[in-house]
Structure formats: C-alpha cells, structure tokens
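Structure record follows, encoded as structure tokens.
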Amino acid sequence: MQNNQTEITFDAPPQFNFQNFADPPYSYGPNNDPLQYNNQQPTNQPASERNKSMFTLGFYKDLFDVNTDEVINRIKWSMIPYPNVNYLQNYIRNKPDLYGPFWICVTLVFTIAVSSNLAEYLQTAAARNYHWKYDFHAITAAGTVIFCYAWLLPVVWWAILHLYGNEQFKLNLLELLCVYGYCLSIFVPLSVLWVIPVNWIQWTLVALGAVTSGTVLITSVYSAFTPKLYPLLAVALILHIFLAASFILYFFHAPAVSPVMPIYVTPLVRFTNNTGH
C-alpha cells in the first residue's frame, strides 16, 4: 500500500512599498543638511521637455503650466517658515513657474495703490475743508518698486552667483525669479490691513511680513553663497526688510494735513465829508 503524499507550497507574502505623503515633503541635500538642496535636475519630465530652447514657444508655455493647487501650496509655504525645510528644494525646484510670481506682483501693485489711497482718505476725512483726490501716481510708483525688486534684483544675484557662487549648489535664474516672486505674496493681505490708521499696528505687520518671508527667502538660497559672499546674503535680507518698510514710509504715511482756514475780509468803509467849505 502506497502512501500518497501531497506537497503543499506557500507563496511568499507580497511586499508593499509605502510612500510618505507628509506635508511638507522632505528632500535633504548633501551631508543630510535639510536646509541645503541637491543640484540634480528634476527627472519627472522627458528629456525633450527639459532641454527646450528659450527661443521656442514651448519653453515659455511650461513656465505658466501650473495648476491652482500648486500655486496655493507655494503661496502658503512662502508665508510660513517651516523648520528644517528648504522652500526652494521642496516646492519650487521640481517645477519652477512664472505664473504665480507675475500675478502676485500685479496683485500687490493694485492692492497697495488702492489701499494707500483709501488710507489717505480716511486720515484726511476729518478735515472738512481738505480737498482729497485720488493719487494715480501710486500705481506707477508701486509697480516700479515691486517689479524692479522681484524681476531685476534676482538677475543681479544670479550673475554674481554664476561667477562666484558655490559650484555644488547652482541656482538658475528661473528659480531665483520664482522664489522672489512668491516671497512677496505675504504683503498682499498685509497691504489691506495697513489701511488701519494705527502706527504701531502698521509697523508690527511690516515686521511680521519681513521676518517670515525674509526667512523663507534666505534659507532657500543661502547654500548657493560661499562664505566670502555671506555679506551679500545679509544685503539681500536688508533689502527685503527695506522694501517692506518703504511700503509704509512712502504709500501709507499720510502727511499732516493743514485744513484751509477761511479768510475773513473786513470791508473798508470810507467816510466822505460832503459839507461845503
């Protein structure tokens, strides 16, 4: 009598790979420094798309190819310095854009122009004989200051870093433009609050905006600076603080209004002696 033996085999349990969806994502650079970023270009795009020439329409189309969630996320984290997180590496470098920075600058120009005129009107409304008029030059002045800061200053930093910056952490011009543009987003809601005619409240909001956005800006780009260029890093922070202070000093500082006092003219009465001599 033969014993029939049945061999039973068990497959190995499947292996599961879990992805961390924590917000914000962590992507550390060399030496495991969370504030530094690596110099590798994003690889989630085909090589044909990453190597487009700047003289083609597709190159500029990609600069504005972002969705609403990406823009909102970049705006949010440009206002909130997150410990041990490099804003450029985690939110910008994978897909830099110019759509957000452009509309942030345009929005900031109009909010400052409208809010500054409204603040001047509220501060001078008590003077009954003061004739208030809208200052259209505020739009021109705000546009010049904001676009020069957000679009010309990054070009200067890029040229300096291209020649003397850290070779291991290269920044391209698009990344600098993107970071500078998004770091101005906090001043959009602050410019509306600057209408409040209380001096200490205005300067508190200036300090809050300059410190938070300035921290995000400096921690994003400092790895590209060599120790010899650290004084220029301090200059970048000072210019950012000066920009925030200039909004109050130029646009929201209402001069003392001297109401027009009415002039009373006393009529001159001339008496004529009609008595004959």
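A few notes on this one:
- Whole-angstrom Cα spans of region 85-252 along principal axes, big to small: 64, 29, 25
- Peptides 78-91, 173-186, 227-240 ordered by packing proxy, namely the average of other Cβ atoms within 10 Å per residue, highest first: 173-186, 78-91, 227-240.
- Taken about its Cα centre, region 85-252 carries a charge dipole of about 40 debye when Lys and Arg each add +1 at the Cβ and Asp and Glu each add -1 at the Cβ.
- Site pair Asp135 and Ala245 shows an inter-label distance of 1.9 nm when each label is modelled 7 Å from Cα along Cα→Cβ.
- Excluding same-chain neighbours fewer than eight residues apart, the lysines reachable from Lys76 by a Cα-Cα span under 26 Å are Lys61, Lys95, Lys170.
- Accessible area (Å², per residue) of region 85-252, counting only protein heavy atoms and a probe of 1.4 Å: 46 Å²
- With a 1.4 Å probe rolled over the protein heavy atoms of all chains, the accessible area of Phe136, Phe110, Phe251 falls in the order Phe136, Phe110, Phe251, largest first.
The values are calculated or read from the model by the stated rules, or taken from the named source; none is laboratory data. These figures come from a predicted structure and were not determined experimentally. A quick note on method: Cβ atoms are made from the backbone with ideal geometry, for glycine too, and the neighbour counts reach across all protein chains shown. Ligands, DNA and RNA are excluded from the accessible area calculation, which covers all protein heavy atoms including side chains. Shrake-Rupley method; radii C 1.70, N 1.55, O 1.52, S 1.80 Å.
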